[in-house]
Amino acid sequence: MKKVVIIGTGYVGLVSGTCFAELGNDVTCVDIDEQKVVQMQNGKVPIYEPGLEELFARNIAGRRLHFTTQLADAMEEAEVIFLALPTPSGDDGSADLSYVLGVADELGPLLKRYAVVVDKSTVPVGTAEQVSVRIAKNAAVAFDVVSNPEFLREGVAIRDFMEPDRIVIGTSSKKARKVMGELYSPITNEGHPIFFMNERSAELTKYAANSFLAAKITFINQVANLCERVGADVESVRLGVGSDERIGNRFLHPGIGYGGSCFPKDVLALIHTAHEHGYDFDLLKTVIDRNRSQQRVLVDKILKYYGNDVSGKTFALWGLAFKPDTDDIRESPALAMIQALTEAGAAIRAYDPEAMENVRARLGGNAKVVLVKDEFAALQHADALLIATEWNQFSAVSLAGVKERLKKPVIFDGRNIFSLKAMQAAGFYYESIGRPIVEPQVVV
């Protein structure tokens, strides 16, 4: 058991802290938001992540998971200190390190014994060195700064932490390597690999991984757009391409672009890092540009269908989170779709299983957007159904029930959740991504 401190209780910090407690460590999570800390002390999880609530409650009850606003109190006997702080994109695409470096300035005088300070946040190359310099200004004891990037996917973050594809540790210190190896030993003892490298390599690994996945998504979206023009079916193409073990089928699903908190800002940050070192990462610039245009693909299909005039139309929208199994709406393609359609004069009736409160906080003042209680309520008085997030419950609905509630049987599917055969059999006009248009058969 180690005394672990997690500074920052956002998505990464809260999941990591809870999971480290589940592994048997004594974990204290620190946050400056008093209301949020009180909420967590009372056993309420402030984010939605499948499986997190159960682990959270169990480890609070087991007195292995604690919360405070007082950094000094948490630092007593701290052995491993994780910085899980926001690194938002600046106007130039660079990662804003003000939160990370601000905490680093506070840590020096609070260190009472040797400790390993871990950059868990996604940070640019060279950040570990900057953090080390800032701590050293006021530190009276030895310490090491390590890079340990997270690879958690929203919706499956607990599994990703407990059963990771890999653990990456960036350190040049043998002592820190030993501490981090011990901390992760319950996971590595189960056969999950850990890779030790220098700090800069670990920092770049995270950016490179996310940027590659963003490029892979963008590639299949471009293939889907070509499929529509040549009469191919992207689902067949995807299976044929993804079966190649050198490529694989993960992140090879066409749609209306990527979103979330990671891919958009990490691609921008890697471009900025390259620029700072005299390199033009033009491939990633294209990825950003193509993803922005992909978020309009479904809107363009809708406008074309209605002769570029959707004023007075009402659309049911299923899905507001950027992906299923999360309530995260950051950079969500659904929000880009809402903005484009409402600016064109349409009204939206929207539903999402988890993201409703976040959207209400963001769009509550938009009279053209009505948030409803369930997917069927969204269909009432709607001219067509739009699908932006591939929640399982949407693909399992009664198509007859959908058809009965819509003014006309028209669906625009940005995530390809329905089969073409099912749409044909149910009598829908159906447009998806990279597949042929389905039109109702006319009975003569």
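Rule-based calculations on the coordinates, nothing more; no lab input. The structure presented is a predicted model; accordingly, all values stated were derived computationally and were not measured. Every residue, glycine among them, receives a Cβ derived from its backbone with ideal geometry; neighbour counts consider all protein chains shown.
Points to keep in mind about this one:
- In terms of packing, defined here as the mean over residues of other Cβ atoms within 10 angstrom, the peptides 150-160, 136-146 line up highest first as 150-160, 136-146.
- Here the range 275-365 is treated with +1 on each Lys and Arg Cβ and -1 on each Asp and Glu Cβ, and its dipole about the Cα centre works out to around 440 debye.
- Taking 19 Å as the cut-off, the amide N atoms of the range 227-271 that come nearer than this to a point 7 Å along the Cα-to-beta-carbon line of Met197 belong to 263, 266-271.
- Given charges at beta-carbon only (K, R positive; D, E negative), |dipole| of the range 249-292 in Debye: 260
- Taking the inverse of the mean 1/r over every pair of distinct Cα atoms in the range 3-196 gives a Kirkwood hydrodynamic radius of 16.8 Å.
- Net dipole in debye of the chain [+1 Lys, Arg Cβ; -1 Asp, Glu Cβ; about Cα centre; nearest 20]: 540
- Theoretical FRET efficiency, 1/(1+(r/R0)^6), r = Cβ-Cβ of Lys44 and Glu77, R0 25 Å, to 0.05: 0.35
- Prolate/oblate/rounded label for the chain (Cα gyration tensor, a/c 1.5): prolate
- Cross-link pairs Lys265/Lys368; Lys36/Lys175; Lys44/Lys265; Lys112/Lys137 - those with Cα-Cα distance over 25 Å: Lys265/Lys368; Lys36/Lys175; Lys44/Lys265
- Neighbour-count ranking [beta-carbon atoms within 10 angstrom, fewest first] of Arg250, Arg177: Arg250, Arg177
- Simple rule: put +1 on each Lys or Arg Cβ and -1 on each Asp or Glu Cβ in the chain, find the dipole, and look at Leu152, Phe212, Phe251; the Cα lying farthest toward the positive end is Phe251.
- In this rough spin-label picture, where each label sits 7 Å from Cα along the Cβ direction, the Lys175-Gln222 distance is 4.9 nm.
- Efficiency of FRET between Lys407 and Gln339 - r from beta-carbon atoms, R0 25 angstrom, step 0.05: 0.60
- Helix 333-343 vs. the chain, principal-axis angle (Cα, 0 to 90°, nearest 10): 50
- Relative contact order for the chain, counting Cα pairs under 8 Å that sit 6 or more residues apart, in percent: 11
- Modelled label positions at Tyr114 and Arg166, each set 7 Å beyond Cα in the direction of Cβ, lie 2.8 nm from each other.
- Short-range pairs are left out: with C-alpha atoms under 8 Å and at least six residues apart, the relative contact order of the range 348-444 is 21 percent.
- Kirkwood's formula applied to the C-alpha pairs of the range 16-105 gives a hydrodynamic radius of 14.4 angstrom.
- For the chain, the residue among Ile7, Asn416, Gly90 whose Cα projects farthest onto the positive side of the dipole built from Cβ charges is Asn416.
- Inter-part distance where the range 249-317 and the range 370-388 are each reduced to a Cα centre, Å: 24
- Calculated [θ] (222 nm, deg cm²/dmol) that DSSP helices of n ≥ 4 give over the chain, each run adding -39,500 (n - 2.57): -12500 deg cm²/dmol
- Estimated from the Cβ-Cβ distance and a Förster radius of 51 angstrom, the FRET efficiency linking Lys137 and Arg159 is about 0.80.
- From the Kirkwood radius over Cα pairs of the range 206-291, Stokes-Einstein at 37 °C and 0.692 mPa s returns a whole-number translational diffusion coefficient of 240 µm²/s.
- Sorting the segments 232-239, 74-81, 36-43 by their residues' average number of neighbouring beta-carbon atoms within 10 angstrom, most packed first, yields 74-81, 232-239, 36-43.
- Projected area averaged over orientations for the range 298-349, convex hull of C-alpha atoms, nm²: 3.5
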